[in-house]
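The values are calculated or read from the model by the stated rules, or taken from the named source; none is laboratory data. Here the structure is a predicted model, which means the values were calculated and not measured. Don't worry about glycine lacking a Cβ; one is built from the backbone with ideal geometry, like all the others, and counts go over all protein chains shown.
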Amino acid sequence: MHDLFIEIWESVRRNKVRTCLTGLAVAWGIFMLIVLLGAGNGLMNAFLSDSGEFASNTMMVGGGYTSKPYDGLKQGRRIALTDHDADLLKTGPLADRIDLVSSSVSRSGYTMTYGRRYFNNVTLNGTFPGDIEMNRVKMDAGRFINDKDISEKRKVIIITHLHAKNFLTGGTDYDKLLGQKVKVGNLSFTIIGVRHGMENEDDRDLYVPYTTIKSIFGLNDEVAGITFSFHGLTNEAESDAFENEVRTTLNTAHRAAPDDRRAVWIWNRFKQNLQMNKGRSILLTALWIIGLFTLVSGIVGVSNIMLITVKERTHEFGIRKALGARPGSILKLIVTESVLITAFFGYVGMLLGMIACQILDMTVGQSRMEMFGQSIKMLDNPTVGLGTAIGATVVLIVAGTIAGIFPAMQAAKVKPIEALRAE
């Protein structure tokens with residue numbers, strides 16, 4: 001094995017410029033593959049983070065307007081969801097697949113004050129304890145609404161970390177605000193928690209117990225929307241079927257056509273999640289294909305240089321075979337040289353690609369762009385994982401082997417007599 005590597009080194013040393021130029025093509029190919037995959041991951045991560053986090057096995061429903069006459073009633077009738085609809089989802093025909101149900105009501109346009117600091121145009125959202133799980137509310141301090149807050153109609157409130165940071169003059173010791181009073185309009189609430197707000201937009205939503213906001217404003221049983229989680233679905237077809245069942249159940253309760261899609265609107269987060277995963281797979285597949293085609297150009301260069309090497313060493317191979325060398329040893333020599341050249345320059349390209357991804361993360365990954373009135377992150381963690389690196393390694397080894405097989409077979413077929421006659 002030592003002699004084999006010495007021979008390969010001598011061959012490379014005699015053709016340094018040619019080998020380096022060919023290796024550069026390989027390095028560039030793997031470099032582009034890593035950077036493209038990293039950028040693709042960063043793009044998808046940014047989209048997911050800016051779209052907000054939520055449990056994928058949830059749906060949101062709200063009232064709309066009927067689009068067709070039904071049961072003697074005209075079209076264009078407003079459908080208002082109520083607490084009865086939330087109870088219907090909990091105990092009705094779909095109860096065996098539904099886990100948590102949370103209604104919500106809201107009131108907007110208030111000013112929240114804490115000492116001399118204030119926020120204009122905040123929104124009071126009345127909700128239930130299950131909302132923390134279904135909308136994956138991240139608490140930075142304190143707690144979320146609990147069942148006792150609901151039953152006792154407590155005047156407690158959860159603010160965002162953006163509010164808290166302002167109240168603390170830029171500080172982040174949010175625990176200092178727990179138990180403190182804030183005023184929303186003319187109403188006084190006790191802070192029980194600080195949630196992590198969405199920094200890509202002006203997040204001014206405040207959470208209070210559902211029963212509290214109902215009691216304060218004397219609201220009837222109408223709700224702004226209902227969110228519920230479910231289980232047992234595995235694909236898009238099952239999701240569509242379950243969504244239709246939900247629509248039929250609610251439409252029927254309000255004397256609307258069971259198939260009227262406008263009477264009740266449904267935001268199917270499970271289906272959205274499936275579609276996003278499908279889109280991500282398509283994007284990454286496309287990036288792999290583009291990167292691999294770039295890599296192929298380098299591999300072709302390796303194959304070409306090995307063919308030239310074989311032609312230049314035809315006389316040498318003839319002497320080897322005349323002295324008893326087997327075709328397999330010549331085959332092994334050429335393939336090993338091809339793999340080593342590909343692997344060495346490939347790893348150089350991979351290392352540079354990983355460094356480029358880190359640079360992307362520190363530059364483009366920290367910047368935002370304005371779109372439709374919102375600040376959107378361009379890239380989020382544009383890096384590749386260990387699995388991708390291992391996959392690229394396998395591609396390199398296979399590609400290096402393939403690049404050397406044809407030239408090696410040509411060398412192994414050299415006849416000693418013809419080779420000895422070659423100049």
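Of the residues Gly170, Gly218, Gly193, which single one is surrounded by 14 or more Cβ atoms within 10 Å (Cβ to Cβ) and of a type outside the set (A, V, I, L, M, F, W, C)?
Gly193
Entry remark, segment 252-293: residues being of a type in the set (S, T, N, Q) and crowded, with 17+ Cβ neighbours inside 10 Å number 2 in total. In this entry, Gly130 is excluded by the filter for residues that are crowded, with 16+ Cβ neighbours inside 10 Å and either within 22 Å of Arg262 (Cβ to Cβ) or not assigned by TED's automatic domain parsing to the domain that holds Val223 (or both).
Of all residue pairs spaced 6 or more apart or on separate chains, those with beta-carbon atoms under 9 Å, a first member in segment 148-164 that is assigned by TED's automatic domain parsing to the domain that holds Gly185 and a second member that is of a type in the set (Asp, Glu) and assigned to a strand (DSSP E or B) are Thr160/Asp140; Thr160/Asp205; His161/Asp140; Ala164/Asp140. Among strands (runs of 3 or more DSSP E) entirely within segment 95-186, having at least 3 residues that are among the β-branched types (Val, Ile, Thr) and under 33 Å from the mean Cα position of the chain (by Cα) singles out 98-114, 117-127, 156-160. For segment 70-94: of the residues being free of Cβ contacts under 8 Å to residues at least 40 places away in the same chain and more than 36 Å from the chain's Cα centre (by Cα), which is surrounded by the most Cβ atoms within 10 Å (Cβ to Cβ)? The extreme case among them is Gln75.
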